[in-house]
Amino acid sequence: IHHEKGNAPCCYSTDKTLVYCGNSETASVFDKKINTALPGNHNILNLMFAISACKIAGITDQHIAEGITTFQALAHRLQYAGCFQQIDFYNDSIATIPEATIAAVKAIPRVDTLLLGGFDRGLAYEKLIEFLLQSEVRNFIFLGEAGRRMKALMTSRAPERAGYYEASSLEDAMVHAKKMTAPGKACLLSPAAASYDMFKNFEERGLLFMKLAAE
């Protein structure tokens, strides 16, 4: 790919690549799939910013590609927990606000079951509920007071839908998640709520989710 000198530096995304055009005639091209631990359009934007910063700092394309390939995503943030009983489990326990859960559902392919809820901090969930009702997620498992409020909002807008379950604990939620999730699909923990009602922090919640997924 050739870039005309004098144009302002830019980074853009194609179907399969990320392209940085700087001050040289030849653009830098990076494979979007060289790190599958960074799913979702928000991570594509993060990579574009990172590539641009590295190029401006004079880092070589080889070192940038190596950095992308070896980058370890944060634990409990869109973390792949494994495939068990033909179900892909994803731990997004760090998602304690609605916007993070929306991003997670957009990023993870084939989400069939979503675990929601926890400690209720009085967040506004209307936008999240509207998004979820238009998504392809079939099953919703609710936890805690925040989950109870989300369930009430969802059932008031779509009372005819099946696939609602209010769980008494994460253990109870996972038993039902394994029954409800179709083979070849994904089960996602992305609560949109804090964990303090049942856990000391989101890390403890995420670790238990991954343990229960593997059992």
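The values are calculated or read from the model by the stated rules, or taken from the named source; none is laboratory data. Bear in mind that the values here come from a model prediction, so they are computed numbers and not experimental data. Reconstructed Cβ throughout: ideal geometry from the backbone, glycine too, with neighbour counts over all protein chains shown. These accessible areas exclude ligands, DNA and RNA; they are computed on the full protein's heavy atoms, side chains included. Shrake-Rupley method; radii C 1.70, N 1.55, O 1.52, S 1.80 Å.
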Selection within segment 63-92 - touching a residue at least 60 places away in the same chain (Cβ under 8 Å) and in contact with a strand residue (DSSP E or B) (Cβ under 9 Å, 6 or more places away or on another chain): 75, 76, 79, 81, 82, 87, 88, 89, 90, 91, 92
Strands (runs of 3 or more DSSP E) contained entirely in segment 65-127, each with at least 3 residues that are under 15 Å from the mean Cα position of the chain (by Cα), surrounded by fewer than 19 Cβ atoms within 10 Å (Cβ to Cβ) and of a type in the set (S, T, N, Q): none
Kindly list the number of the only condition in (1) open to solvent by 10 Å² or more (accessible area, probe 1.4 Å); (2) part of a helix (DSSP H, G or I); (3) among the hydrophobic types (A, V, I, L, M, F, W, C); (4) at pLDDT 95 or above that fails for residue 50. (4)
If you check every pair at least six apart or on different chains, which have Cβ atoms under 6 Å apart with a residue in segment 133-156 that is among the hydroxyl-bearing types (Ser, Thr, Tyr) first and a residue that is modelled with pLDDT of 95 or more and open to solvent by less than 60 Å² (accessible area, probe 1.4 Å) second? 135/105
Considering only residues that are without any contact (Cβ under 8 Å) to a residue 40 or more places away in the chain and farther than 18 Å from residue 92 by Cβ, look in segment 173-203 and name the one that is surrounded by the fewest Cβ atoms within 10 Å (Cβ to Cβ). 200
Leading residue by the ranking (modelled with the lowest pLDDT) among those in segment 4-46 that are touching a Pro at 6+ places or on another chain (Cβ under 9 Å) and in a loop (DSSP other than H, G, I, E, B): 39
Of the criteria (1) closer than 15 Å to residue 118 by Cα; (2) modelled with pLDDT under 95, which one residue 162 fails: (1)
